[in-house]
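First up is the structure itself, then whatever we jot down about it.
Every number here is computed from the coordinates shown, using simple stated rules; none is lab data. Keep in mind it's a predicted model, so treat the numbers as computed, not measured. Here the Cβ is made from the backbone with ideal geometry for all residues, glycine too, and neighbour counts use every protein chain on show.
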Amino acid sequence: MRVLFYEKPGCVNNTRQKAMLLAAGLEVEACNLLTEPWTAATLRSFFGTRPVADWFNRSAPAVTGGRVDPAAVEAEQALALMLQDPLLIRRPLLDVDGVRSVGFEAADVMALLGIDLNTAQADESCPRNDGHRCP
């Protein structure tokens, strides 16, 4: 099974997540989330029925700096903000045979891929707790 994995290159968490997918025997094609030529419609297709606030990368500088409040943004505005600043996009974005998803929550990924991931490792929390920010 082939997985398109839209990531922020150099992200420790995305690297760990890709390694988990590869270890499960999947073919992973890494794509740069920051340079992908997104349209609002394409980006929207990854979010499904999730609330708009769940579309956002909570670690993005615009969120942590208080310039963007994910809970106060409507869908169209969220997409416009993400097109302007792709760091706002929650990651990874996954595309498996045209079925799209956002984030790396264990239950969602297992259902999407039909595999059994180690739920203790399948999360989005950054393993670094030293205050480091990925470039």
*Subset of the range 1-24 (residues that are exposed (fewer than 15 other Cβ atoms within 10 Å of the Cβ) and in contact (Cβ under 8 Å) with a residue 60 or more places away in the chain)*: 1, 2, 10, 12
*Kindly indicate whether residue 37 is surrounded by 14 or more Cβ atoms within 10 Å (Cβ to Cβ) and either closer than 21 Å to residue 4 by Cβ or in contact with a strand residue (DSSP E or B) (Cβ under 6 Å, 6 or more places away or on another chain) (or both).*
no
*Would you pick out the residues in the range 62-84 that are buried (at least 16 other Cβ atoms within 10 Å of the Cβ) and closer than 15 Å to residue 33 by Cα?*
79, 81, 82
*Which condition number in (1) over 16 Å from the mean Cα position of the chain (by Cα); (2) in a helix (DSSP H, G or I); (3) under 25 Å from residue 111 (Cα atoms) is the one that residue 25 fails?*
(2)
*Would you mention how many residues in the range 74-89 are in contact with a helix residue (DSSP H, G or I) (Cβ under 6 Å, 6 or more places away or on another chain) and within 13 Å of residue 11 (Cβ to Cβ)?*
1
*For the range 45-61, enumerate the residues that are in a helix (DSSP H, G or I), surrounded by fewer than 17 Cβ atoms within 10 Å (Cβ to Cβ) and out of contact with any Lys or Arg (no Cβ under 9 Å at 6 or more places or on another chain).*
53
